[in-house]
There are 2 protein chains.
Amino acid sequence: MSKEKIPYKIYLEESEMPKYWYNLRADMKNKPAPLLDAATGQPMGPADLAGVFCDELIRQELDDSTALFEIPEEIRDFYKMYRPAPLVRAYCLEEKLQTPAKIYYKFEGNNTSGSHKLNSAIAQAYYAKKQGLVGVTTETGAGQWGTALSMACSYFGLDCKVYMVKCSYEQKPFRREVMRTYGASVTPSPSTETEVGKRILAEHPGTTGSLGCAISEAVEKAMNTEGYRYVLGSVLNQVMLHQSIIGLETKAAMDKYGIKPDIIIGCAGGGSNLGGLIAPFMGEKARGEADYRFIAVEPASCPSFTRGKYAYDYCDTGMVCPLAKMYTLGSSFIPAANHAGGLRYHGMNPTLSQLYADGLMEAVSVKQTEVFEAAEQFARVEGILPAPESSHAIRVAIDEAMKCKQTGEEKTILFGLTGTGYFDMYAYEKFHDGKMENYVPTDEEIAKGLAKLPKM
Amino acid sequence: MSKEKIPYKIYLEESEMPKYWYNLRADMKNKPAPLLDAATGQPMGPADLAGVFCDELIRQELDDSTALFEIPEEIRDFYKMYRPAPLVRAYCLEEKLQTPAKIYYKFEGNNTSGSHKLNSAIAQAYYAKKQGLVGVTTETGAGQWGTALSMACSYFGLDCKVYMVKCSYEQKPFRREVMRTYGASVTPSPSTETEVGKRILAEHPGTTGSLGCAISEAVEKAMNTEGYRYVLGSVLNQVMLHQSIIGLETKAAMDKYGIKPDIIIGCAGGGSNLGGLIAPFMGEKARGEADYRFIAVEPASCPSFTRGKYAYDYCDTGMVCPLAKMYTLGSSFIPAANHAGGLRYHGMNPTLSQLYADGLMEAVSVKQTEVFEAAEQFARVEGILPAPESSHAIRVAIDEAMKCKQTGEEKTILFGLTGTGYFDMYAYEKFHDGKMENYVPTDEEIAKGLAKLPKM
């Protein structure tokens with residue numbers, strides 16, 4: 001199609017918006033491995049998870065055969081407040097790169113939480129409310145998930161307790177204030193509110209915390225507080241189910257204009273955005289109906305896919321969560337400082353892990369300064385100020401577009417732009433001032449993390 | 001129409017987007033008074049302004065008879081990157097307030113500059129580029145205009161020098177970094193780069209600057225640098241012309257669904273958003289085709305309309321700019337600290353001033369804590385985190401909706417939501433912590449500012 005025919009931004013009509021989430025697992029030949037109870041080594045059933053998670057979310061987590069889950073009307077109503085997210089044709093970036101490639105991105109930053117996290121937060125809050133719960137607990141690192149959950153809980157009148165990694169709490173006071181605006185209570189982790197927090201503080205006085213520790217505190221708080229459950233913003237299959245709205249909208253918009261992507265690119269931390277974006281496309285590939293190249297992009301400082309191992313591991317550092325089979329650097333792996341705080345998780349969603357193990361998806365790792373170069377280049381022509389996490393996908397989209405320039409191929413490239421960088425200007429400042437470093441773990445550091453994987 | 005028929009968000013198709021800006025002055029019986037040369041007292045002609053402003057912008061500034069100005073294709077292409085802005089039906093807010101009123105808002109925050117300022121920035125950058133200029137200078141207080149102009153200049157490959165009020169430069173380092181990301185140079189004002197800056201620094205050592213001082217520096221820099229002109233983000237009629245895109249889109253979207261607003265509300269600092277939003281509606285009123293109530297909302301700390309005087313005054317504190325006839329508190333008036341930095345200007349757009357003087361528009365002033373109460377209430381149900389400036393309009397929209405609740409009237413209320421508050425979390429923090437104060441100038445302070453108006 002000519003430039004005139006494809007608009008800059010493709011918005012679906014409200015009537016065209018998806019009414020079902022898509023559960024990719026239903027179409028996978030090799031299903032992801034089940035969660036295991038760390039004590040018994042047995043697969044977790046609904047009863048084992050009931051004290052921690054909401055009932056309906058457990059059902060979604062464990063169901064690998066139902067392809068479509070109807071999106072409740074209340075959630076669809078909320079989605080209408082900020083969705084459909086625009087699918088943007090990056091005409092200005094193409095022009096700047098002088099590439100024959102056609103570049104599209106699905107922009108998920110058009111909501112106050114600033115990222116795609118809200119898609120799952122609203123679903124999880126809804127099910128908690130429906131179950132008659134009083135509130136939920138969670139952890140947040142970079143703050144996107146905590147912000148999204150605060151918004152969702154505020155909407156449904158649910159209490160929201162966020163354990164925020166202490167260094168983020170101190171370095172990102174504005175994120176904290178956004179959560180407070182939506183009525184959440186935000187506690188720097190480790191705290192003295194939980195046993196695990198007290199233990200960690202005693203063992204490591206002055207520690208600035210970690211995501212693993214915050215998870216452990218949030219889980220403990222949920223289990224010990226009447227009417228509360230724990231919710232998580234990534235890694236789990238239920239989250240990937242909710243995030244399928246990203247891919248479903250994208251595919252509907254592309255189908256409307258007869259566009260078929262050759263390459264689909266997403267950044268990968270715990271996998272929520274990547275999994276959501278690729279879901280319906282990967283479904284077609286799994287069913288043998290179409291073929292696409294999928295590329296997961298991770299930071300070189302935390303390379304779960306490209307340097308990790310496909311093995312059962314703990315989801316949290318505190319080892320209170322179940323074991324999941326996934327690409328992991330080991331739950332004891334401490335990723336080097338990286339401004340893409342949302343991509344610093346040691347593991348990866350089990351479904352994506354299985355797809356990667358089966359060769360259905362590629363993965364690359366990229367260095368931080370290369371990511372910010374791409375971010376700035378993108379911002380200057382496309383206008384949007386991207387989050388550091390999202391910019392990993394931009395980096396590889398630009399790289400692929402430049403390969404097209406070399407070969408003359410008119411490939412169609414689609415990538416996920418997960419969010420905005422308004423709360424990441426400290427990172428941009430470091431980049432501008434030439435003070436940003438590229439940490440890459442040594443082989444010894446990687447080996448050390450992998451050596452501590454649980455024996456199965 | 002029933003709830004089912006009006007979507008949450010009304011987006012225009014690309015083909016429905018306005019191709020012309022609307023110059024409200026053409027339809028006004030009483031035209032706004034001309035700019036005067038402060039030295040001679042004579043109306044400013046194109047030649048008088050040529051050293052300061054871009055040629056085409058001067059033409060737009062001085063033309064009060066041409067109703068429609070075609071939007072150049074390059075600008076329309078840029079608009080497509082972030083426009084049409086959604087017209088949102090605030091179903092959730094209505095539900096929360098339990099009001100029979102129907103509330104709509106036009107949301108202008110869906111772009112990286114975070115506000116409507118980009119609508120004029122891109123136009124001004126375009127005309128500067130077309131004139132063959134090297135770059136532009138400007139000032140910024142809260143930072144929204146500086147950010148918008150940086151983006152626009154980056155897009156057209158134009159140099160951008162921003163004089164940022166020193167206290168903002170220091171208190172809002174992230175705003176500064178966004179501008180740097182788009183390639184602008186940002187100088188804290190007063191600086192030693194200009195004569196006026198040096199003079200002010202000598203007279204007031206340690207001063208943290210003011211908008212008036214930054215304007216004076218930016219104007220001097222433009223006049224003394226080959227290939228540069230000065231651009232301004234509000235107050236001027238050319239800016240109101242560009243911002244008419246807000247109202248034109250809103251009206252097109254409302255007409256599409258047969259919606260007619262009874263009350264139209266906008267926050268008023270220099271008047272750029274308010275003027276843009278109301279333009280086509282006020283045009284109908286001026287032509288006798290329809291009637292609407294218009295309400296300008298200003299902070300009680302800087303009440304130009306409600307406590308100022310309609311008189312000729314300087315546009316800047318340094319008195320280097322022409323005289324404009326407007327509602328003003330006097331160019332020497334220093335507004336008390338207020339977190340809505342974008343509403344701290346001593347004067348008001350001359351067109352809006354004439355409309356107010358003619359009784360075609362109302363004005364109210366509101367206190368800061370009342371504004372933040374409305375902001376938080378809005379955020380919790382509508383999801384969007386509003387800028388303090390925008391929240392002035394929210395406050396009065398809620399007040400009007402509550403009056404409808406009392407009377408049972410099903411009025412249709414439209415307000416302009418100019419932008420997002422991501423860079424204003426310090427203000428929200430003060431509000432949450434109960435430390436926000438409500439400054440209201442005393443009658444003596446108002447009288448002092450008005451006493452220094454130029455003698456005409």
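Please report the antiparallel percentage of DSSP beta bridges with both residues in the protein assembly as shown, rounded to the nearest 5.
Counting DSSP beta bridges with both partners in the protein assembly as shown, the antiparallel share is about 35 percent.
Among all stretches of chain A without exposed trypsin sites (Lys or Arg not before Pro) (DSSP loop, at most 15 other Cβ atoms within 10 Å), which one is longest?
With trypsin sites (Lys or Arg not before Pro) excluded where exposed in loops, chain A gives A:30-286 as its longest stretch.
Could you pull out every one of the aspartates and glutamates with an alpha carbon less than 20 Å from that of A:LYS452, ignoring same-chain neighbours closer than 8 positions?
Output for A:LYS452: A:ASP37, A:GLU203, A:ASP313, A:ASP316, A:ASP443, A:GLU444.
Hey, got the average number of other protein chain Cβ atoms within 10 angstrom for residues in A:173-179?
Partner-chain Cβ atoms within 10 Å, mean over residues of A:173-179: 5.
How far, in nm, would the chain grow between A:GLU445 and A:LYS31 when pulled straight, counting 0.36 nm per residue and subtracting the alpha carbon separation?
Full extension of this stretch gives 145.9 nm more.
Can you compute the FRET efficiency between B:GLU70 and B:GLU14 using 1/(1 + (r/R0)^6), with r the Cβ-Cβ distance and R0 = 22 Å? Round to the nearest 0.05.
For B:GLU70 and B:GLU14, the calculated efficiency is 0.85.
Place a point 7 Å from Cα of B:HIS204 in the direction of its Cβ. Which residues in segment B:158-186 have their backbone N less than 20 Å from it?
B:162-172
Residue separation times 0.36 nm, minus the C-alpha to C-alpha distance between B:MET223 and B:VAL134: what's the value?
Contour length minus Cα-Cα distance gives 30.7 nm.
Can you list the residues in segment B:181-198 whose accessible area drops by at least 50 Å² when all protein chains are present, compared with the chain alone? Use a 1.4 Å probe, heavy atoms only.
B:THR181, B:TYR182
Counting other Cβ atoms within 10 Å of each Cβ, which GluC sites (Glu not before Pro) in segment B:359-431 have at most 15 and sit in a DSSP loop?
B:GLU409, B:GLU410
Might you work out the accessible area of B:HIS346 for me, using a 1.4 Å probe with all protein chains in place, and round it to the nearest 10 Å²?
For B:HIS346, solvent-accessible area is about 10 Å².
For chain B, what is the percent of antiparallel DSSP beta bridges, rounded to the nearest 5?
Restricted to chain B, the bridges split so that about 35 percent are antiparallel.
Within segment B:10-102, report the GluC sites (Glu not before Pro) that DSSP leaves as loop and that have at most 11 other Cβ atoms within 10 Å.
B:GLU13
Can you tell me the accessible area per residue over the protein assembly as shown, all protein chains present, probe 1.4 angstrom, in square angstrom?
That works out to 34 Å² per residue.
With a 1.4 Å probe and every protein chain kept in, tell me what percent of the accessible surface of the protein assembly as shown is carbon plus sulfur.
49
Express in Å², to the nearest 10, the accessible area of B:CYS167 obtained by rolling a 1.4 Å probe over the protein heavy atoms while all chains stay in place.
We get 40 Å² for B:CYS167.
Say a label goes 7 Å from Cα toward Cβ at B:GLU170 in every copy; what distances in nm does this one have to the rest, shortest first?
Those label-point separations list as 2.4 nm.
Taking the axis that carries chain B onto chain A, what is the nearest Cβ in chain B, and at how many Å, to the whole number?
Reported as residue, whole Å: B:TYR422, 2.
Which whole-number percent gives the relative contact order of segment B:73-206, counting Cα pairs below 8 Å spaced six or more residues apart?
About 17 percent, as a whole number.
Which net charge results when you count Lys and Arg as +1 and Asp and Glu as -1 among the other residues whose beta-carbon is under 11 Å from that of A:LYS198?
Net charge in that neighbourhood comes out at -4.
List the distances, in nm and shortest first, from the label point of A:ALA50 to the matching label points in every other copy, placing each point 7 Å from Cα along the Cα-to-Cβ direction.
The answer, with the shortest distance listed first, is 8.5 nm.
Checking an interface number: how much accessible area is buried between A and B, summed over both chains, with a 1.4 Å probe, in Å² rounded to 100?
Separately minus together, A and B give about 4000 Å² buried.
What number, in nm² with one decimal, is the all-direction average of the projected area of the convex hull of the alpha-carbon atoms of chain A?
Directional mean of the projected Cα hull area for chain A stands at 20.3 nm².
Given the pairs A:LYS251/A:LYS411; B:LYS221/B:LYS455; B:LYS5/B:LYS260; A:LYS80/B:LYS106; A:LYS285/A:LYS325; B:LYS19/B:LYS256, which span a C-alpha to C-alpha distance of over 19 angstrom in this model?
Among A:LYS251/A:LYS411; B:LYS221/B:LYS455; B:LYS5/B:LYS260; A:LYS80/B:LYS106; A:LYS285/A:LYS325; B:LYS19/B:LYS256, the Cα-Cα distance tops 19 Å for B:LYS221/B:LYS455; A:LYS285/A:LYS325.
In nm, one decimal, shortest first: how far is the label point of B:ASN224 (7 Å from Cα along Cα to beta carbon) from the matching points in the other copies?
Listed shortest first, these distances are 6.6 nm.
For A:ALA300, list long-range residues whose amide hydrogen, built 1.01 Å from N in the peptide plane, is under 5 Å from its own amide hydrogen.
Excluding prolines and chain starts, which carry no amide H, the hits are A:VAL366, A:LYS367, A:GLN368.
Go ahead and estimate [θ] at 222 nm for the protein assembly as shown from helices alone: -39,500 (n - 2.57) per DSSP H run with n ≥ 4, summed, over the residue count, rounded to 500.
So the helix-based figure for the protein assembly as shown works out to -12500 deg cm²/dmol.
Could you please report the charge total around A:MET164, scoring K, R as +1 and D, E as -1 over all other residues with beta-carbon less than 9 angstrom from its beta-carbon?
After counting each charged neighbour, the total is +3.
Taking each pair of different alpha-carbon atoms in the protein assembly as shown once, compute 1/r for the pair, average those values, and report the inverse of that mean as the Kirkwood hydrodynamic radius in Å to one decimal.
28.3
With the contact rule set at Cα under 8 Å and sequence spacing of 6 or more, what percent relative contact order holds for chain A?
Relative CO of chain A lands at 19 percent.
Size of the dipole of the protein assembly as shown about the Cα centre, Lys and Arg at +1 and Asp and Glu at -1 on the beta carbon, nothing else charged, in debye to 20?
That gives a dipole near 80 debye.
Around B:ILE398, under 11 Å between beta carbons, what's the net of Lys plus Arg minus Asp minus Glu among the other residues?
Once all neighbours under 11 Å are counted, the net charge is -1.
Specify the angular offset, from 0 to 90 degrees and rounded to the nearest 10, of the alpha carbon long axis of helix A:73-82 from the longest principal axis of the alpha carbons in chain A.
60
Counting only other chains, and only Cβ atoms inside 10 Å, what mean value do you get across the residues of B:431-443?
1
Protein chains only, probe 1.4 Å: how do B:ASP262, B:ASP316 rank by accessible area, largest first?
From most exposed to least exposed: B:ASP262, B:ASP316.
In whole angstrom, note down how far apart the Cα centers of segment A:386-437 and segment B:248-295 are.
If you average the Cα positions of each part, the centres end up 40 Å apart.
Peptide A:416-427: average number of partner chain Cβ atoms within 10 Å per residue?
Averaged over the peptide's residues, the number is 3.
Sequence gap at least 6, Cα distance under 8 Å: using those rules, report the relative contact order of segment A:347-456 to the nearest whole percent.
26
The values are calculated or read from the model by the stated rules, or taken from the named source; none is laboratory data. For clarity, every value in this text was computed on a predicted model and none was experimentally measured. So basically every Cβ, Gly included, is an ideal-geometry build from the backbone, and we count neighbours across all protein chains shown. The protein model used for the area step is the full one, side chains on, heavy atoms only, and it has no ligands, DNA or RNA in it. Shrake-Rupley method; radii C 1.70, N 1.55, O 1.52, S 1.80 Å.
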